[in-house]
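Reading through the structure tokens given below for one structure.
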Amino acid sequence: MRYLKVIAEDRSKDCQADTVRLYFFEQHNGKDLLVREAYAVDNTADGIVDWQVGDVDNDGKRTFQDERLLKVFATTFLKLGWFNRRNRSRRYLKIFSENFGGDCSPDTVRLHFHEGIGKPTDRTLTSTAASYDTDNNGTLDWVIHFDVDNDGDIDATDQELVSLLSRTYLEFKWQ
């Protein structure tokens, strides 16, 4: 199984996330192996990523496509408000896909919000959200979510954030 671990941090100490780190893991024989990393930074504190680096689309090269995908994903992730003060890594998001149809195309993308250290487990899981391709046509068309942006309302904004993170994750080709 492959999954993405995403950590946002407030490194500038202004009480809002400004750095997003992406860790691409693959599980082999019960061990989680880190395959690659990517980074994004909001230098101007406007909630939009200004700098990003990493191969996120799994083609072995850092290209403009990687920068575009990483900027969209990280800027969206900054809107969640799920971040760590300074360089701590207790809060993170684990994203992975599933293929219940058995046709090699993912039909579910799961977002698991964790708080704790070490390997993601049920003990560190705090909440979940998911996007589904209900008719297996390649389009995520149904979303289950909670107040993912932590603004006190479960609304269309939360649905759009989950949808955008899920769609962008699929473009990473990390299934």
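For the range 1-48, the set of residues classified as of a type in the set (Asp, Glu), modelled with pLDDT under 95 and closer than 16 Å to LYS79 by Cα consists of GLU9, ASP10, ASP14, ASP18, ASP46, listed by residue number. The single condition from (1) more than 19 Å from MET1 (Cβ to Cβ); (2) touching a His at 6+ places or on another chain (Cβ under 7 Å) that THR128 fails is (1). Given the condition more than 22 Å from LEU80 (Cβ to Cβ) and not in a loop (DSSP other than H, G, I, E, B), answer yes or no: does some residue in the range 38-48 qualify? No: zero hits. The single condition from (1) surrounded by 18 or more Cβ atoms within 10 Å (Cβ to Cβ); (2) at pLDDT below 95 that GLY54 fails is (2). Residues of the range 118-136 being over 30 Å from ASP103 (Cβ atoms) and among the aromatic types (Phe, Trp, Tyr), which ones? Result: no residue meets the conditions. The set of residues in the range 1-37 that are in a loop (DSSP other than H, G, I, E, B), among the small types (Gly, Ala, Ser) and surrounded by 15 or more Cβ atoms within 10 Å (Cβ to Cβ) comprises SER12, ALA17. Here TYR3, TYR39 are screened, and the one residue that is within 24 Å of GLY138 (Cβ to Cβ), touching a strand residue (DSSP E or B) at 6+ places or on another chain (Cβ under 9 Å) and among the hydroxyl-bearing types (Ser, Thr, Tyr) is TYR3. Listed by first and then second residue, the pairs with beta-carbon distance under 8 Å, at least 6 apart or on different chains, first residue in the range 1-13 and farther than 25 Å from CYS104 by Cβ and touching a residue at least 12 places away in the same chain (Cβ under 8 Å), second aromatic (Phe, Trp, Tyr) and part of a strand (DSSP E or B), are ILE7/TYR23; ILE7/TYR92. Restricting the range 137-175 to residues that are in contact with a Lys or Arg (Cβ under 8 Å, 6 or more places away or on another chain) and within 20 Å of GLY101 (Cβ to Cβ), the residue that is modelled with the lowest pLDDT is GLN175. When PHE96 is tested against (1) more than 21 Å from ASP133 (Cα to Cα); (2) at pLDDT 90 or above; (3) within 14 Å of the chain's Cα centre (by Cα), exactly one condition is not met: (1). Any chance the range 105-124 includes a residue that's at pLDDT below 95, among the charged types (D, E, K, R), over 15 Å from ILE7 (Cα atoms) and in a strand (DSSP E or B)? No, that holds for no residue.
The values are calculated or read from the model by the stated rules, or taken from the named source; none is laboratory data. Small disclaimer: the values here were computed from a predicted structure and weren't measured. When we count neighbours, we look across all protein chains shown, and the Cβ atoms used for this are built from the backbone with ideal geometry, even at glycine.
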